[in-house]
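Every number in this text was worked out from the coordinates using simple rules, so none of it is lab data. It should be emphasised that the depicted structure is a prediction, and the values quoted were computed from it without experimental measurement. For neighbour counting, all protein chains shown are included, and Cβ atoms are generated from backbone atoms with ideal geometry for every residue, glycine included.
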Amino acid sequence: MALRALLWVCGMGTRAEINAIRRGNSMGASFITGRRRLCRKLGAAAAVLVLSHSAACALDDLWTLQFGPTGRGAGDATTEREQLKAFERNPPPGFPTLSSANIAATKAAIARYEDIVAAGGWKSVPSARVKPGEDHFAIVELRDRLIVSGELPASAAGGTTLDGTLVEALKAYQTTNGLTPNGRLDETTVAALNVTAEDRLKQLKTNLRRLTEMAAVVKPQRKYVIVNIPAAQVEAVALNKVISRHTGVVGKVDRPTPLLRSTITEMNFNPVWRLPPTVIQKDLIPQGREMQAKGENVLVKTGIEAYSDGRKVDPEKVDWNSSTVKSYSYRQPPGKDNPLGFVKINFASGESVYMHDSPSEGLFGRNFRAASSGCIRVHNIERLAYWLLGQNDGWTPEKVEKMKATGERKDVRLATPVPLHFVYITAWATEDGTIQFRRDLYNRDGVAEIATSY
């Protein structure tokens, strides 16, 4: 019985995984640089690189993240891109965002930023695109900026070259600000650097209130899941340890993921996607009209089925310019093109949102992942599914994988429901002293627009 309880709490917490949790931050930093010194410097930074309306979880956007050439040849550039995408997809466990230990750490961060503001803050960094090894006048200001915030020692002031020491300091900054750690000065990094010290201090104070409230909520919960919306990440937490951290895709700015407190109760393997009114009105009908004008059929192309009073409608007889299409219900059967993927995670929600797999892996490798209509797409959802089913008899990792491989339809109630929290945390510090910032994605912190748009 004790073993069963342990398995329930830790899910897939093998000895190797528990060890990985204990050294998760260093593992993340090591992936970035392979150097112990930076591992110690980054601490939790590498660990936390880190969704209104049900259906649109499913719609992928075509936004593409590209990295410029490195000057080392096409093969090396491709390798770097793939490594950075892999890092985005598979963040190390790190510390729980809602750990009560983060409250004291965030208070200390506030005191530090009060000192920075009192001393005049930092100067803006000029807009520039600079690769490692290149010279640019903006690098002088970059050095000064990173000295103030602590990524670079004062002895590193001066100089116009983006040298190795500065590259590593810049990677540390990018990581703690939720950016892709490519070690380059680019438009996104400059925008983050130019959020004022006053606004960063305001974010820390605003988020301290959020953290204090939520830490009290999760403290008695032995096992829970959180989605930190601005970070676009999902944490599975047991006994105040992150068992697994998952890259997520969250709601677009105009279709934001809601805040919620709920309980995960059920999993649908290979589910049917029932399109809700929001997606029908804003996505399906406009796309149907556009394709009809070109002589194409959106229902035939996507495999979505239209129903009228419970009877299937011939897709060739649907006129997207008529008002009748608004009265139909629409659904997509399970399959490789179903935007819910092979599993959907259910919980009570007034906004009809849920968490699910995705047949498209592309977005998970990108840094900006606000691309759904409110639901949360989860990378490596197989692992999360098994962990959630930890107290259900007979559910092994192999069985979860089999459900994916065979496409079998099955609904499973969790033997023990798991608390779930969708939170909005954009600034916090962890027990190792690392200070984290994320985009104010939905402009809820009351700070300048630059903090929302990078």
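The phi torsions of segment 210-220, fed into the Karplus equation with coefficients 6.51, -1.76 and 1.60 and a -60° offset, translate into couplings of 5, 4, 4, 5, 6, 4, 5, 5, 8, 3, x Hz, rounded to whole numbers, with Gly and Pro shown as x. Near residue 305, the amide H atoms lying under 5 Å from its own belong to 331, 332; only residues 5 or more places off or on other chains count, and H is placed 1.01 Å from N. For the residue pair residue 410 and residue 443, what label-to-label distance in nm results when each label sits 7 Å from Cα along the Cα-to-beta-carbon direction? Distance between label points: 4.7 nm.
Please report 294, 344, 123 as a ranked list, fewest other C-beta atoms within 10 angstrom at the top and most at the bottom. Don't skip to the end; give the middle numbers.
Values: 294 7, 344 25, 123 12.
Listing 294, 344, 123 from fewest to most nearby Cβ atoms yields 294, 123, 344.
Note on residue 294: lysines with a C-alpha under 27 Å away, same-chain residues under 8 apart excluded, are 282, 312, 317, 326, 336. For segment 356-373, the Karplus equation 6.51 cos²θ - 1.76 cosθ + 1.60, evaluated at θ = phi - 60°, returns couplings of 7, 6, 8, x, 9, 8, x, 5, 5, x, 9, 7, 8, 10, 9, 9, 9, 9 Hz by residue, with Gly and Pro reported as x.
How much of the pair distance distribution for segment 311-454 lies past 28 Å, counting alpha-carbon pairs only, in percent? Intermediate results must be reported in sequence, preceding the final value.
On the way: 4228 of 10296 pairs.
Of all Cα-Cα distances in segment 311-454, 41 percent exceed 28 Å.
Taking only the C-alpha atoms, wrap a convex hull around segment 273-332 and report its volume per residue in Å³ as a whole number. Could the numbers behind the result be given before it?
Values: hull volume 4.4 nm³, N = 60.
Hull volume normalised by residue count: 73 Å³.
Ranked by the mean number of other Cβ atoms within 10 Å of their residues, highest first, the peptides 255-263, 162-170, 418-426 fall in the order 418-426, 162-170, 255-263.
As an equivalent ellipsoid, segment 123-195 spans semi-axes of 15, 13, 12 angstrom, where each value is the square root of five times an eigenvalue of the C-alpha gyration tensor, largest first. Sorting 387, 395 from the fewest to the most surrounding beta carbons within 10 angstrom yields 395, 387.
Report the local net charge at residue 207: Lys and Arg +1, Asp and Glu -1, summed over other residues whose C-beta lies under 11 Å from its C-beta.
Values: positive: 200, 202, 205, 209, 210, 438, 444; negative: 213, 440, 445.
Net local charge, residue 207 excluded: +4.
Using a simple spin-label model with pseudo-atoms 7 Å out from Cα toward Cβ, residue 127 and residue 274 lie 4.8 nm apart.
When you count the other C-beta atoms within 10 angstrom of each residue and take the mean per peptide, 186-199, 143-156, 300-313 line up highest first as 186-199, 143-156, 300-313. Using θ = phi - 60° in the Karplus curve 6.51 cos²θ - 1.76 cosθ + 1.60, the 3J(HN,Hα) couplings for segment 253-259 round to 4, 8, 9, x, 5, x, 6 Hz; x is entered for Gly and Pro. Between residue 160 and residue 294, the simple label model (points 7 Å from Cα in the Cβ direction) yields a spacing of 4.9 nm. Using a Förster distance of 56 Å, how high is the FRET efficiency between residue 83 and residue 312, based on the Cβ-Cβ distance and rounded to 0.05? Here the calculated transfer efficiency is 0.75.
For the pairs 85/402; 344/399; 85/202, flag any whose C-alpha to C-alpha distance is greater than 22 Å.
On the way: 85/402 27 Å; 344/399 16 Å; 85/202 31 Å.
Listed pairs above 22 Å: 85/402; 85/202.
Work out, in µm²/s and without decimals, the Stokes-Einstein translational diffusion coefficient of segment 133-251 at 4 °C, 1.567 mPa s, Rh from Kirkwood over C-alpha pairs. Rounded to a whole number, D works out at 78 µm²/s.
Close amide H pairs (under 5 Å, H built 1.01 Å from N) link residue 434 with 44, residues at least 5 positions away or on another chain.
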